[in-house]
Amino acid sequence: NFKGKSSKLEAIMNLTNKLVEEGNKVIIKTNYVTDVIEDIVQSIGHDPIVVIGDTERVNRNSLYWQFKNNPKKPVLIISSVGEESIDLTTNDIPVALIPYEPEINPREFNQFTGRAYRRNQKAPVTHYTFVTQSETLNRMMLGYLQNLAEQHGIKVPKKFRPRTIDTDMLAMRKA
């Protein structure tokens, strides 16, 4: 169990603060609820709304509504409970999606993006991805890219190297 700040948490905190100052709504998703949520909440400030598995189902819609409509609540932190059938569109307000952990397959990416990128969303939706370099993560991300390439009928660039995974992931998503 890691408790406290990390370079990724610091980067997410800085990005979140910048985006909120620019008038964006920010959704941060994590699968590691027990320890990570508390670290995120303490780091980013902005009195975020938190919706996790322990959040009573009857309260979830009210919390989602607050995030979407209350200008004083620009940050939502969710666990995987926010993956399916949740509309987090904000109409004319830009939305930034920040997964705390890398999405390992296209389904996770599509589910998270689909929360805010829907018909009623008129403002831009930006999906950020932070990638920490490690051999294990590089292998996982390479598999993710190959899966994504197969799903969309494109090829992984011949010069792809895990050390350039951030650039290659951006290129793959653009393709």
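Before moving on, here are some points about what is shown:
- Flag if Phe130 is within 17 Å of the chain's Cα centre (by Cα), hydrophobic (A, V, I, L, M, F, W, C) and at pLDDT below 85: yes
- Residue list for the range 1-31, filter: hydroxyl-bearing (Ser, Thr, Tyr), at pLDDT below 95 and either closer than 12 Å to Ile98 by Cα or under 13 Å from the mean Cα position of the chain (by Cα) (or both): Thr30
- Comparison of Asp54, Asp47 shows that the only residue that is open to solvent by 40 Å² or more (accessible area, probe 1.4 Å), without any contact (Cβ under 8 Å) to a residue 24 or more places away in the chain and in a loop (DSSP other than H, G, I, E, B) is Asp54.
- Within the range 89-109, considering residues that are at pLDDT below 90 and among the hydrophobic types (A, V, I, L, M, F, W, C), the one surrounded by the most Cβ atoms within 10 Å (Cβ to Cβ): Phe109
- Of the residues making up the range 68-110, those that are closer than 22 Å to Val58 by Cα, among the hydrophobic types (A, V, I, L, M, F, W, C) and part of a loop (DSSP other than H, G, I, E, B) are Ile86, Leu88.
- If you go through the range 57-71 and keep only what is closer than 20 Å to Leu15 by Cβ and either exposed (fewer than 12 other Cβ atoms within 10 Å of the Cβ) or small (Gly, Ala, Ser) (or both), you end up with just Pro71.
- Within the range 5-44, considering residues that are open to solvent by 30 Å² or more (accessible area, probe 1.4 Å) and part of a loop (DSSP other than H, G, I, E, B), the one nearest to Phe130 (Cα to Cα): Ser6
The values are calculated or read from the model by the stated rules, or taken from the named source; none is laboratory data. These figures come from a predicted structure and were not determined experimentally. Using ideal geometry, Cβ is built from the backbone for each residue, glycine included, and neighbour counts are taken over all protein chains shown. What goes into the accessible areas is simple: the full protein's heavy atoms, side chains included, and nothing from ligands, DNA or RNA. Shrake-Rupley method; radii C 1.70, N 1.55, O 1.52, S 1.80 Å.
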